[in-house]
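The values are calculated or read from the model by the stated rules, or taken from the named source; none is laboratory data. Small disclaimer: the values here were computed from a predicted structure and weren't measured. Every residue, glycine among them, receives a Cβ derived from its backbone with ideal geometry; neighbour counts consider all protein chains shown. Areas reflect the complete protein model, heavy atoms only, side chains present, ligands, DNA and RNA absent. Shrake-Rupley method; radii C 1.70, N 1.55, O 1.52, S 1.80 Å.
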Amino acid sequence: MTENPPLDARRLLDETFVAQVEQHDVLGSTNDRAKEIALTDGTVRPFLVVAERQTAGRGRGGNAWWTAPGSVAMSLLVGPNHLPDDPAHGPLVALATGLAVVRTVANRVPEHVVGIHWPNDVIVDGRKLSGILVEGLGPRGQVIGIGLNVNNSAAEAPDELRARAVSLRDLTGRTHDRTGLVIEVLRELARLLEELARDPDSIGRRAHAVCLQKGQTLAVQQGDQTLAGRCVGIAADGALVLDTPEGRRALVTGILRA
Ligand code: BTN
């Protein structure tokens, strides 16, 4: 048996809330493809795009995303049925997605510390396991992009990432059923999006509980300003709360600086 069989699209359709799946061997970016699909009238949602490799995977703040064979790169186009078009929910959608990944991986690595780094990175023992990029398309829905290091290894990552990345295989010493993992992430995500629609504050509270930056000194860039302070955690609306020399500040957007 090959170590990395392709994702099983039939199971993804049968066992999750996804209505259609498009599967690629190589793609520029699954988020870009999902945005293209969103422009086609009559597209059913949730629509999932998956790729074994990306040649132009994108991260937040214009960063590139490394997609090695064995990892998971996927983008879910969600419509207003599952995710109302409410800009105030933007940070919470990204956090809900991070929580879905945390819940899925935590029981596979019980002896490790799994949590979230605001705005939505999934971190295990200080290294990045998963990155999330949510892009809003107004009335056409939202694209939720998830990159997850599963059966690849940080040892194969570009030099500048190697010490900061980690995969499930690195953590457990074995390969994982990627289809089963994606199914679990999508099911958790469906639950958390329902919860977001019912009780948005609960997502912020859950994210605060697993935020690993509490107590750390952080610097966040907003335009040409950088705000530094001690992290208090994540507020109910998804903002990062910092105690700065000028007092307590809640930041809804910004790029975290090292
Ligand atoms: C980040 O950590 O800055 C976010 C990374 C998001 C990467 C995923 S991989 C699938 C989807 N397609 C992309 O081009 N980006 C997202």
Residue that is nearest to the ligand (Cβ to nearest atom), among those in the range 104-119 that are buried (at least 24 other Cβ atoms within 10 Å of the Cβ) and part of a loop (DSSP other than H, G, I, E, B): Pro119
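Condition first: within 16 Å of the ligand (Cβ to nearest atom) and farther than 16 Å from Leu77 by Cα. Can you find one or more residues in the range 175-187 that meet it?
Yes, the range 175-187 contains a residue that is within 16 Å of the ligand (Cβ to nearest atom) and farther than 16 Å from Leu77 by Cα.
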Please go through (1) under 23 Å from Gln142 (Cβ atoms); (2) in contact (Cβ under 8 Å) with a residue 40 or more places away in the chain; (3) outside any helix (DSSP H, G or I) for Gln213 and return the number of the only condition it doesn't satisfy. (1)
Condition set assigned to a helix (DSSP H, G or I) and among the aliphatic types (A, V, I, L, M), scope the range 153-171, selection surrounded by the fewest Cβ atoms within 10 Å (Cβ to Cβ): answer is Ala155
Looking at the range 118-125, can you tell me whether even one residue there is within 16 Å of Ile144 (Cα to Cα), at pLDDT below 95 and either touching a strand residue (DSSP E or B) at 6+ places or on another chain (Cβ under 6 Å) or assigned by TED's automatic domain parsing to the domain that holds Ile203 (or both)? yes
Out of Val122, Val150, Val134, Val101, which single residue is in a helix (DSSP H, G or I) and either within 13 Å of the ligand (Cβ to nearest atom) or closer than 23 Å to Val21 by Cβ (or both)? Val101
Scanning the range 21-33 residue by residue, those within 8 Å of the ligand (Cβ to nearest atom) and not in a loop (DSSP other than H, G, I, E, B) turn out to be Thr30, Asn31, Asp32
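Could you go through the range 76-84 and let me know if any residue there is under 25 Å from Asp170 (Cβ atoms), open to solvent by less than 30 Å² (accessible area, probe 1.4 Å) and among the hydrophobic types (A, V, I, L, M, F, W, C). Steps first, please.
The first filter runs over the range 76-84 and keeps only residues under 25 Å from Asp170 (Cβ atoms), leaving none.
No, the conditions are met nowhere in the range 76-84.
Hey, can you tell me all the residues within the range 35-71 that are within 8 Å of the ligand (Cβ to nearest atom) and outside any loop (DSSP other than H, G, I, E, B)? Quick ask: steps written out before the conclusion?
Step one: of the range 35-71, the residues within 8 Å of the ligand (Cβ to nearest atom) are 51, 54, 56-61, 63, 65, 67.
Those that are within 8 Å of the ligand (Cβ to nearest atom) and outside any loop (DSSP other than H, G, I, E, B): Ala51, Gln54, Arg58, Arg60, Gly61.
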If we keep only residues of the range 38-58 that are open to solvent by less than 10 Å² (accessible area, probe 1.4 Å) and of a type in the set (A, V, I, L, M), then the residue farthest from the chain's Cα centre (by Cα) is Ala38
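Keeping to the range 214-236, report how many residues are charged (D, E, K, R) and closer than 22 Å to Leu92 by Cα. Before the answer, list the steps.
Step one: list which residues in the range 214-236 are charged (D, E, K, R), which gives 214, 224, 230.
From the residues that got through so far, the ones that are closer than 22 Å to Leu92 by Cα too are 214, 230.
Counting residues in the range 214-236 that are charged (D, E, K, R) and closer than 22 Å to Leu92 by Cα gives 2.
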Specify which of the listed residues (Arg230, Arg187, Arg174, Arg191) is open to solvent by 10 Å² or more (accessible area, probe 1.4 Å), within 30 Å of Gly70 (Cβ to Cβ) and not in a helix (DSSP H, G or I). Arg174
